[in-house]
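Each value in this text was obtained by applying a stated rule to the coordinates, not by laboratory testing. The structure presented is a predicted model; accordingly, all values stated were derived computationally and were not measured. Cβ sites come from the backbone with ideal geometry, for glycine too, and all protein chains shown count toward neighbours.
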Amino acid sequence: MRRTERSDIYPRVEKVLDDGTIIAYDKRNQLNTDLNIHTLTDQQQYDVFGGILIKNTAQQQPTQDYEYLRQKDIELQKTNRKNKWLLVVFVISLFVIALFLFESCTNDTNPELNSEEQNQATNEELLQQKDNELQQQIKETQDSIASNDAESQSKIDQLKQQIQELRNDIDSKKADQVANQYDDTVDNLQHAEDERQSGNLDKMQEQLDRVNTKLDEITKKISDWFNN
């Protein structure tokens, strides 16, 4: 059987199938599948190819063209295997790069988180320090009022200023909560001072006692805030 396919080099044997069928281009450059390696004669080769292309047909030895094609097929298989390995390496490389980028982004985020945590810790430490100072000055102001000290009002004014500075220096919800508690306490001190100046010592003492109660409540609340 002849087909219309053509080859740049002819006549030549393309390949020999397992059943012995010879796929070849004849002397007219037509694809021919009529010959069989098991029954091939020299005359058939002369008729089809115009000469002998396949030698030693009795031993069924493949031609050089067939061997060439077989080697090409082996090389193609090797190339395919190599390409598969290259694809695997490429995928692994992409995974490693993605992992590296993810870790880089995580590391970039961690310093920001650490900075926020450090700022929060610093604010809480400063808030505790301010709290201790305010409690000490409140007690001193209590004693000043109880002792009928003329400087009592000045001390109260200083306390009001320090509470406002607490709000300004520490911009946090806890600082506002602490400042609000001390505002109420200073109000009691102011009432006590007003009663002292009016000569109402019993009412003055009542307000000072309220200050003691407020200080105990503030101490407990602040402890709860810092522990949560």
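What the table shows:
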item	result
Contour excess over end-to-end distance, with Cα ends at Ala150 and Thr213 and 0.36 nm allotted per residue	20.2 nm
Rounded FRET efficiency, nearest 0.05, which uses the C-beta distance separating Asp8 from Tyr46 and R0 of 25 Å	0.65
Partners for Lys139 among aspartates and glutamates (Cα-Cα distance below 13 Å; same-chain residues under 8 apart left out)	Asp131, Asp209, Asp216
Spacing of the two label points (7 Å from each Cα toward its C-beta) at Lys220 and Arg167, in nm	2.6
